[in-house]
Amino acid sequence: MKAKKRVMTTSAGVPTPKRTPTVRKIKPAWVGPSSVSSATTSGKRPTTTRPGEVGADPARGMDPIAALGIGDVAGSASPDGLRASRAGIDAGMVDLSVDLGRGLVLENPVMVASGTFGYGVEYGEVVDVERLGAICCKGTTLRPRQGNRPPRVTETPAGMLNSIGLQNPGVDAVIERYAGLWAGWRVPVIVNVAGESIDDYVAVVRRLESVPGVAGVELNISCPNVGKGGLQFAIDRDAAAAVTRAVRAATDLPLIVKLSPNVADVRPIAQAVADAGADALSAINTLSGMALRADRTGPFLGNTYGGLSGPAIKPVALRIVYEVAQVVDIPIVAIGGITCLDDVLDYLAAGAVAVQVGTAIFADPTLPIRLVDDLRAECASRGLAAYGALVGTALPQRPGPPVSKGAEYRP
Amino acid sequence: MRLIDAELVESRRILPGQWIQWYHAPALAASVRAGQFVHVRTGDWSGLVLRRPFTVNTADAATGIVSIHFREVGRGTAWLTHLRAGDRLDMLGPLGQGFQVDPRSRHLLLVAGGLGIADVRLLVDEAIRDGRQVVLLFGARDASEVYPSSFLPDELEYVVATDDGSVGHHGLVTDLVLDYEAWSDQAFACGPLPMLGTLAALAAGRTKRLGVATLGRKRGAGRPIPIGSAQARRKAYLQVAMEQNMGCAVGACLGCVVWGVEGPQRVCREGPVFAANEIDWEAAVGAGAHKR
Ligand SMILES: Cc1cc2nc3c(=O)[nH]c(=O)nc-3n(C[C@H](O)[C@H](O)[C@H](O)COP(=O)(O)O)c2cc1C
Ligand code: FES
């Protein structure tokens, strides 16, 4: 029954020489369509060539798209795949699979974001969860949490604020109630993990290790670190790296670390987390914000502050993905305000290999699945057998000089 | 629960700023129970990202028509008022737990404050259809906000209170409740939190005041009924429909909670209808007194 793909590949760390000491090399596959164009001109390739791998540069030792696991076997052993790639192909043949590292292979790159899709069961028959790329479940802590006092959500211009406060039944209850169900699903479920200390995170992840139905973990590091006076892990480079390292040492599960936008410069944090052993990064979590009561007698949310999400944050998230993509060479999962295919294409162009849809699900629960179809159709109409050629097209071809100032503010 | 493509049949402003809209949505009309709601997608032309929850106000399975009753309070509801007959609306529903009427209850007391009438309106129809006697106590600020009796069935006893005395009882609707507490087998309410809190306090003292046993098995046989279960709610004298801002409306985001005696309760999933004794009234009235 369990057909989840946990294929080990060698893709995690293709060593690439750094061009500059401080700025890492851009992943070659993510840059430009040149890697695909060679495919269309190489009519003499054996018919067993995989369309997703076309354009492999032998000089690099390994096809970069394949290295990222984007695109795999659609139309393999079929000459049609190549012929079609010249001028539009059948959408059914487009392969949207992606490998986020350590064998976490998604059938498509459209995931649902933590906190907006519960445990995958709440939308019932309204959403066919099996067609999603992956599900990130609600933030899970070691012990049950009741969360913040209401009200917890309010709409804002092109967005919303939430202050749920990590309400959840605790990791043991999550495993008991849902893991059995997840194990029977084809869609991988990634458990979003939160904690107040490194020990918390490690303890949660240890419990998730080798539980059937748990395909990976996503660390929500936008949590106060009790050991450091409540300073969030996500805004403290050393703490972010330390928690990543500790979790990495504790588990073989695929490990995604989720970055916070509430920092001056996200790049050193992203680098530190990548160096500490994260398999992939996701970005971004919500932006800190607040709203007032209608009579302006105080804050509206029971918790005073909340996290801003929705289309309003997309430019911020796009900037962060763009910045992070230039300094790490592990896969990036983009999150923030996605409501349509153009948003997905923007994030891919900025260097992400997958996306998560959050707030938009509330208005349009079937959106993520439609985005899968839309992306497939987009690839087909461009004659792409896989979407790797769409990744990183907006990144600078050469890394610029290292920037040592804070977040680059571009007025 | 499903996504429903509803077609607007008629839209009428029934009171200043208050509208009732009738939609053709046969699947919903056939399945919705009193107290349940739909989550309505508004146009996103002005950056609205959340749906709006509306209790189903009336439902007629024979014609496939359902109605919603709302006040124009923001851009989402303003958008709704501009819809014309034939326009389509995306509704997710029916959602949540409705009212639980004990089959043995003969006399139902319904209490509504202002727009809270929308939450109990369908219960009026269901109860009368089932041959029960219904009294509806309705409270409003003044005569201009009083729900028109022409929208209510004749079988109903409709008693009005206004804050300024311009119609009916001069004072709070909760003043009227004691007159009916002995007569009624069960009570159902929706309205502002302070009103619900007062009703909950009254309900808690009722058994003692009346010196009678409540409905249900007298002997202690059987297992204790878990709080929040449909059975426990059926046995409760007072059920209340709660309101809260919502995100998903299906139980996924935990955005819509009110505080219960056993911790946070999702209005969209465990509610919107709760037995009054499930709610931590001190916390609920304190937190919800301010609307945005
Ligand atoms: C109601 C709500 C609850 C959330 N809960 C979590 C959570 O538990 N853990 C987490 O890492 N992110 C959480 N998030 C953040 C989202 O996963 C996502 O990063 C953010 O909403 C931005 O994406 P969006 O604009 O598509 O919503 C939550 C967001 C919302 C709106
Ligand atoms: S509105 Fe999302 S849980 Fe109730």
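The values are calculated or read from the model by the stated rules, or taken from the named source; none is laboratory data. None of these values were measured; they are calculated from a predicted model. All Cβ positions, glycine included, derive from the backbone under ideal geometry; neighbour counts span all protein chains shown. In case anyone asks, the SASA skips ligands and DNA or RNA and just uses the protein heavy atoms, side chains included. Shrake-Rupley method; radii C 1.70, N 1.55, O 1.52, S 1.80 Å.
Miscellaneous remarks
- Solvent-accessible area lost on pairing B with A (1.4 Å probe, both sides summed) amounts to about 3100 Å².
- Note on chain B: with a GNM built from Cα contacts shorter than 10 Å, the maximum mean-square fluctuation among B:Val177, B:Val101, B:Val261 falls on B:Val261.
- Relative contact order computed over segment A:108-375 (Cα-Cα under 8 Å; 6+ residues apart), in percent: 20
- Distance cut-off 15 Å, percentage of C-alpha pairs in segment B:2-95 lying past it: 55
- Distance from the Cα centroid of segment A:144-167 to that of segment B:88-164 is 31 Å (rounded to whole angstrom).
- Beta bridges per DSSP, both residues in chain B: antiparallel share near 60 percent.
- Percent breakdown of C-alpha pair distances by 5 Å bin, ordered from the shortest bin, for segment A:108-375: 1, 6, 14, 18, 21, 19, 13, 6, 2, 0, 0
- Put simply, the amide H of A:Ala354, placed in the peptide plane, has neighbours under 5 Å in A:Ile332, A:Ala334, leaving out anything fewer than 5 places away on its chain.
- Acute angle (nearest 10 degrees) that the helix B:117-129 long axis makes with the longest principal axis of chain B, alpha-carbon atoms: 70
- Surface analysis of segment A:108-375 yields an accessible area of 30 Å² per residue, using protein heavy atoms and a 1.4 Å probe.
- The portion of the accessible surface of segment B:2-95 made up by carbon and sulfur, rounded to a whole percent, is 51 (1.4 Å probe; DNA, RNA and ligands excluded).
- GNM top mover of B:Arg84, B:Arg234, B:Arg41 - chain B, alpha-carbon springs below 10 Å: B:Arg84
- On the beta carbon distance between A:Ala183 and B:His170, with R0 = 51 Å, the FRET formula returns roughly 0.20.
- With 19 Å as the limit, the listed pairs A:Lys138/A:Lys228; A:Lys258/A:Lys314; B:Lys208/B:Lys235 have A:Lys138/A:Lys228 beyond it between alpha carbons.
- Inter-chain shielding of A:142-153 (mean C-beta neighbours from other protein chains, 10 Å cut-off): 6
- Residues of segment A:265-302 that bury at least 10 Å² of accessible area when the other protein chains are present, relative to the chain alone (probe 1.4 Å, heavy atoms, ligands and nucleic acids excluded): A:Ala291, A:Leu292, A:Arg293, A:Ala294, A:Asp295, A:Phe300.
- The stretch between A:Asp172 and A:Asp342 holds 57.3 nm of extra length on full extension. This uses 0.36 nm per residue minus the Cα-Cα distance.
- Compactness index (Cα Rg / 2.2 N^0.38 Å), segment A:154-297: 1.12
- Rg over Rh for segment B:73-150 works out to 1.04, using Cα positions for both radii and the Kirkwood form for Rh.
- Net charge in the neighbourhood of A:Glu378 (other residues with Cβ under 15 Å of its Cβ; Lys, Arg +1, Asp, Glu -1) is -4.
- DSSP-loop trypsin sites (Lys or Arg not before Pro) across segment A:117-191, with at most 13 other Cβ within 10 angstrom: none
- Buried on complex formation within segment B:223-269 (loss of at least 30 square angstrom of accessible surface versus the isolated chain, 1.4 Å probe, ligands and nucleic acids ignored): B:Gln244, B:Asn245, B:Cys248, B:Val250, B:Ala252, B:Cys253, B:Leu254, B:Gly255, B:Val257, B:Trp259, B:Pro264.
- Extents of chain B, taken as max minus min of Cα coordinates on every principal axis and listed largest first, are 57, 44, 40 Å.
- For segment A:86-200, convex hull of alpha carbons as volume per residue, Å³: 182
- The residues of chain B expose, per residue, 42 Å² of accessible area to a 1.4 Å probe.
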